[in-house]
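Enquirer: Could you have a look at this structure, given as structure tokens, before my questions?
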Amino acid sequence: MNPYANPKTVASAPAVVLNPSSAVLSTLASVTDPSTRNALRIVAQTLTQVAQTSASAVEATAAATTAQIPTYQQIRVQLQAGGTQPLILSGLPGSIVLLSGTHAARPVAGSTTLQTLYYETDRQYLFACIQVGGANAWVYVAGQSRDVVSALWGDLGANDIGALYLATDQEWIYEWSGTAWAYIAGTFASAVANLPAAATSNTGALFFATDTFAFYVSSGSVWHEYRGSVLYTPSWTPNAVAANTSATQTLSVTGLATTDTVAVNPPGVQAGTGIVAAWVSSADTLSVTFANFTTESLTPTSGTYRVMAFRA
């Protein structure tokens, strides 16, 4: 049975023993499982580097204590890879045991060997068993969980400081402070109706309203709104303007608000005419006053108008 085919259903945590041994060099040739071979290759490369830079067995042993250990990501990839043989890494500096399994299956720290590592396959967190206050404890090392904000882990404690959580429905990243979750990065983009309630946990959070083009920043108790400018490009065919007069005409522009200040550029200029005023007369309605400075009726230029709305 492959204990890595479905990490979330592992009944008991498989052990990965990290202990210096040159036997890995001969073991590699007899292993057929891809995930195990990849792990052993990492070990073999480490030992080869040690051998090349050491003139004696004593020097090789000393060099092994400073040899590069495979990264957390490399180990994680191997743990999640498929295969039919146990994954045993040998030939690395120190003496470390790496276990993997669900959060619920994590062994009690008090009965776990110090320096043991444990990777939670359901939360994607890596923990180390070290002494805290004179007793063994699991302490968060690295990793980030991903799920909706309503599923934020509610069982973390003082030893889980720094744990990261990406709320996939908000695109906000939270960090565990030791007592509570706190926003640290990300921008939530959605309709303004989806602006969540301001709370201590989202102090400093950013929200972009996709329907009103406004930015919001949470102070922890209230959202502060910041507006910029929005460009609209409606197509318009104005009516004729009588000689020596001016006339106000309206155009529907969805999204304009009466609190906006607007600047309007026509697609061209009809000689003898001009725009003398522009404003938002009601929601989604642009009013423009055209002037005709000649002695005959003229029609302002038709086409795509550029309307820049500056939000209050």
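The values are calculated or read from the model by the stated rules, or taken from the named source; none is laboratory data. Note that this is a predicted model, so its numbers are computed, not measured. Quick reminder, even Gly has a Cβ in these numbers, built from the backbone with ideal geometry, and neighbours come from all protein chains shown.
Enquirer: May I ask you to say which residue of A257, A277, A271 is in the same structural domain as T299 (by TED's automatic domain parsing), assigned to a loop (DSSP other than H, G, I, E, B), of a type in the set (G, A, S) and farther than 13 Å from T299 by Cβ? I'd like the intermediate steps shown before the answer.
Expert: Numbers: A277 fails: assigned to a loop (DSSP other than H, G, I, E, B); A271 fails: farther than 13 Å from T299 by Cβ.
Answer to the check: A257.
Enquirer: Another question about this same structure. Find all pairs meeting these conditions: Cβ atoms under 6 angstrom apart; at least six residues apart or on different chains; first residue within segment 256-276 and over 14 Å from A240 (Cα atoms); second residue acidic (D, E) and modelled with pLDDT of 95 or more.
Expert: L256/D284
Enquirer: Identify the residue in segment 238-257 that is among the β-branched types (V, I, T) and closer than 16 Å to N292 by Cα and, among all such residues, is surrounded by the fewest Cβ atoms within 10 Å (Cβ to Cβ).
Expert: Going residue by residue through segment 238-257, those that are among the β-branched types (V, I, T) are 241, 245, 248, 250, 253-254.
Okay, now just the ones that are also closer than 16 Å to N292 by Cα, so 241, 245, 248.
Values: V241: 23, T245: 11, T248: 13.
Per the stated criteria, the residue is T245.
Enquirer: Spot the failing condition for V230; the list is (1) at pLDDT below 95; (2) part of a loop (DSSP other than H, G, I, E, B), and only one is missed.
Expert: (2) is the only condition that V230 fails.
Enquirer: Within the group A242, A278, A291, A191, which residue is at pLDDT below 95 and of a type outside the set (F, W, Y)? Lay out the reasoning, then the answer.
Expert: Details: A242 fails: at pLDDT below 95; A278 fails: at pLDDT below 95; A291 fails: at pLDDT below 95.
That would be A191, the only listed residue that is at pLDDT below 95 and of a type outside the set (F, W, Y).
Enquirer: So which residues in segment 146-200 are among the hydroxyl-bearing types (S, T, Y) and outside any loop (DSSP other than H, G, I, E, B)? Lay out the reasoning, then the answer.
Expert: Applying the first criterion (among the hydroxyl-bearing types (S, T, Y)) to segment 146-200 yields 150, 165, 168, 174, 177, 179, 183, 187, 190, 200.
Within segment 146-200, S150, Y165, Y174, Y183, T187, S190, T200 meet the criteria.
Enquirer: Quick check on segment 296-312: of everything there that is of a type in the set (A, V, I, L, M) and under 23 Å from D260 (Cβ atoms), which residue is farthest from the chain's Cα centre (by Cα)?
Expert: Within segment 296-312, the first condition is being of a type in the set (A, V, I, L, M), and the residues that meet it are 298, 307-309, 312.
Next cut, under 23 Å from D260 (Cβ atoms) only: 307-309, 312.
Values: V307: 35, M308: 32, A309: 31, A312: 31 Å.
Per the criteria, the residue is V307.
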